[in-house]
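K.L.:
What follows is a single structure, and I will ask about it in a moment.
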Amino acid sequence: MNRQQLIDYYSNEHVISELLNSAKGREVAGALWDGRYDQRPNILQYPSDVVQMVRKGVTSFHISVEHWTNPMAITSENYEKLRSGWDIILDIDSKLGLDESKLTARMIVSLLKKYGIKNPGIKFSGRRGFHICIPWSMFPKEIDYKPLAKMYPEVPRIIASFIRKKIKRRLLKELVRTKGAKQLIEILGESPSRLNPFYFVEVEKMWGNRHMFRAPFSLNEKTWLVSVPINSSNLKVFSPKDAEFDKVLSSKHPDFFTAEGDAADLLTDAMDWNALRKKEEPKKEVKRIVWENRVPEELFPPCIKNILAGLEDGRKRSVFTLTNFLRMMNWSAQEIEAKVFEWNQKNKQPLPTSILLAQIRWSQTNQRTPANCFNDQFYKSFGICTPDDHCKFLNSKKVSNPVAYPFRKIKHAYPKKRKMRGFSCLCGKEFPTIRSLAMHKGRSH
């Protein structure tokens with residue numbers, strides 16, 4: 001799709017109307033050609049806003065799962081004050097193909113129906129998955145006399161985990177039936193101790209503050225297909241061809257943010273399940289890697305090196321990342337301060353000294369870990385996430401944090417020496433001495 005086709009699509013009155021309706025009371029972020037996000041916070045208020053953002057280079061629109069009283073006033077200090085609600089957006093993404101995403105989506109729709117939630121919003125992600133919406137209007141506004149709007153992201157995470165738990169066994173059974181356990185293990189690339197269906201079809205469960213998802217009727221840059229809403233009854237027969245932009249513009253589609261029924265029972269069961277799970281689960285001993293020496297810069301991950309090269313956007317978030325990362329790399333307070341001030345001079349617009357000093361002092365007393373790599377707000381949203389092979393390995397193991405990278409790199413550079421074994425026979429057996437090998441040959445060969 002060329003630039004003019006992109007402008008023509010987003011200039012369509014129906015597309016503009018759908019984007020504006022979806023963006024009401026939400027934060028909006030435009031994704032650019034190179035994968036970075038446009039400035040945040042942002043909103044869509046007028047039809048001209050959509051076309052202007054596209055002319056600036058925006059290729060897709062993403063909106064917050066959270067509802068805000070004033071999205072343009074959002075800061076890290078006022079989330080609780082400005083948040084007025086949130087939707088449950090279940091993001092299904094399959095490594096196996098679209099059919100497995102359909103299977104998972106149908107199971108979730110069936111489960112929701114048992115809880116009295118009919119015709120939840122469903123839309124194609126634009127590539128290999130679907131989004132299912134349980135809108136805020138279906139939830140009670142208080143639980144245990146506490147405002148539900150303020151219980152974010154805890155409650156959405158609990159509900160998503162509960163739904164995953166309810167479909168897990170059946171989903172695995174269906175995947176094994178259709179693909180076979182052998183093929184699933186081959187796709188995984190290693191033999192797991194226990195097959196988990198969510199290795200193959202992920203149902204997102206870990207939201208953070210200001211979490212975004214692709215807006216209905218936005219394009220997906222990887223396929224140039226539309227993230228189009230569909231009826232649950234059409235889910236089984238849906239084809240990616242139905243999401244081609246010319247077909248989307250000539251067809252009618254349901255509202256993604258509506259559903260029938262009430263989500264109170266689902267909420268109650270999910271909260272009760274979580275309470276019981278907390279009592280039953282034993283505390284796991286956390287294994288910590290200890291590195292006694294100061295870790296040099298050449299071992300830093302790509303994202304940290306990109307930060308240190310200077311930034312135009314995301315500077316405040318990167319102060320948090322940088323100060324805590326360097327502290328965990330055993331840099332002294334003086335070394336951290338010197339490096340942060342050196343980095344600040346490389347930024348297109350340096351931060352005030354007061355902000356730097358406050359963050360450096362805070363990180364020394366509070367000792368937090370940098371955000372995980374899956375937290376888009378700290379890395380992908382302003383284009384510093386450029387993963388190499390070590391990053392991809394850590395991502396596959398679900399332990400992806402910049403702090404883990406140097407240890408992975410050191411381990412890869414200095415592998416453990418293989419212990420010298422005894423003496424081997426051509427049949428594959430090994431023996432500690434030549435004598436025992438000779439005896440084996442005389443008896444068996």
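K.L.:
Using a cut-off of 20 Å between alpha-carbon atoms, which aspartates and glutamates can reach Lys56, once sequence neighbours fewer than 8 places away in the same chain are excluded?
P.N.:
The reachable aspartates and glutamates, counting only those whose Cα sits under 20 Å from Lys56, are Asp8, Glu13, Glu27, Asp34, Asp38, Glu221, Glu312, Asp313.
K.L.:
Just the projected area, averaged over all directions, of the convex hull on the alpha carbon atoms of the range 153-242: how many nm²?
P.N.:
Details: hull surface 32.9 nm².
Reported value for the Cα convex hull: 8.2 nm².
K.L.:
A further question follows. Could you point to the residue in Ser363, Ser64, His211 farthest towards the positive end of the chain's charge dipole, with +1 and -1 charges on the Cβ of Lys/Arg and Asp/Glu respectively?
P.N.:
Ser363
K.L.:
So, one more: Note down the magnitude of the dipole of the range 83-154 about its Cα centre, charges +1 on Lys and Arg C-beta and -1 on Asp and Glu C-beta and zero elsewhere, to the nearest 20 debye. Let's see the in-between values first.
P.N.:
On the way: 13 positive and 8 negative charges, 39 e Å.
Computed about the Cα centre, the dipole is about 180 debye.
K.L.:
Taking 0.36 nm per residue of sequence separation and subtracting the Cα-Cα distance, how much length would be gained by fully extending the chain between Thr386 and Lys146, in nm to one decimal?
P.N.:
Numbers: separation 240, 0.36 × 240 = 86.40 nm, distance 4.13 nm.
The span from Thr386 to Lys146 would gain 82.3 nm if fully extended.
K.L.:
Using a 7 Å offset from the Cα along the Cα-to-Cβ direction at both Lys247 and Ile7, what is the distance between the two label points in nm, to one decimal?
P.N.:
Going from the Lys247 label point to the Ile7 one covers 2.8 nm.
K.L.:
Over the chain, with a Gaussian network built from C-alpha contacts below 10 Å, which listed residue (Arg277, Arg368, Arg106) shows the highest mean-square fluctuation?
P.N.:
Arg277
K.L.:
Could you tell me which of Val109, Tyr9, Asn372 has its Cα farthest along the dipole of the chain towards the positive end, charges placed at Cβ (Lys, Arg +1; Asp, Glu -1), taken about the Cα centre?
P.N.:
Asn372
K.L.:
So what are the three principal axis dimensions of the range 118-159 from its Cα atoms, in whole Å, longest to shortest?
P.N.:
Rounded to whole Å, the extents work out to 40, 21, 12 Å.
K.L.:
Could you work out the relative contact order of the range 1-142? I mean the mean sequence separation of Cα pairs under 8 Å and 6+ apart, divided by the number of residues, in percent.
P.N.:
Working: 194 pairs, mean separation 26.6, N = 142.
Reported as a whole number, the value is 19 percent.
K.L.:
What is the spin-label model distance, in nm, from Lys118 to Ala264 if the labels are put 7 Å beyond Cα along the C-beta direction?
P.N.:
Result for the modelled spin labels: 1.8 nm.
K.L.:
Given the options Ile163, Phe238, Ile187, identify the residue whose Cα lies farthest towards the positive end of the charge dipole of the range 3-278 (+1 on Cβ of Lys, Arg; -1 on Cβ of Asp, Glu).
P.N.:
In the range 3-278, that residue is Ile187.
K.L.:
Moving on to the next point. Given an 8 Å cut-off on Cα distances and at least 6 residues of separation, report the relative contact order of the chain as a percent.
P.N.:
Numbers: 629 pairs, mean separation 66.5, N = 445.
Contact order relative to length: 15 percent.
K.L.:
Where the only charges are on Cβ atoms (+1 Lys, Arg; -1 Asp, Glu), what is the dipole of the range 3-278 about its Cα centre, to the nearest 20 debye? Mind dumping the intermediate values first?
P.N.:
On the way: 43 positive and 33 negative charges, 200 e Å.
Computed charge dipole of the range 3-278: roughly 960 debye.
K.L.:
Between the range 331-369 and the range 249-266, what's the alpha-carbon centroid distance in Å?
P.N.:
47
K.L.:
If I fit a long axis through the Cα atoms of helix 404-413 and take the longest principal axis of the Cα atoms of the chain, what angle between them do I get, 0 to 90°, rounded to 10?
P.N.:
Long axis of 404-413 versus the principal axis of the chain: about 40 degrees.
K.L.:
Also, I was wondering about something else. What is the log10 of I(q)/I(0) for the chain, computed with the Debye formula using one identical point scatterer on each Cα and no solvent, at q = 0.11 Å⁻¹?
P.N.:
Log-scaled intensity ratios, in q order: -1.01.
K.L.:
Right, next: Using a 10 Å cut-off around each Cβ, can you sort Glu337, Glu13, Glu430 from fewest to most neighbouring Cβ atoms?
P.N.:
On the way: Glu337 18, Glu13 8, Glu430 12.
Going from sparsest to densest Cβ surroundings: Glu13, Glu430, Glu337.
K.L.:
Here is a follow-up. Debye sum, Cα scatterers, the range 297-413, no solvent: what log₁₀ I/I(0) at q = 0.19, 0.20 1/Å?
P.N.:
Cα-only, vacuum Debye calculation for the range 297-413: -1.00, -1.11.
Each value in this text was obtained by applying a stated rule to the coordinates, not by laboratory testing. Quick caveat, the model's predicted, so the values are computed rather than measured. Positions of Cβ are generated from backbone atoms using ideal geometry, with glycine treated the same way; all protein chains shown enter the neighbour counts.
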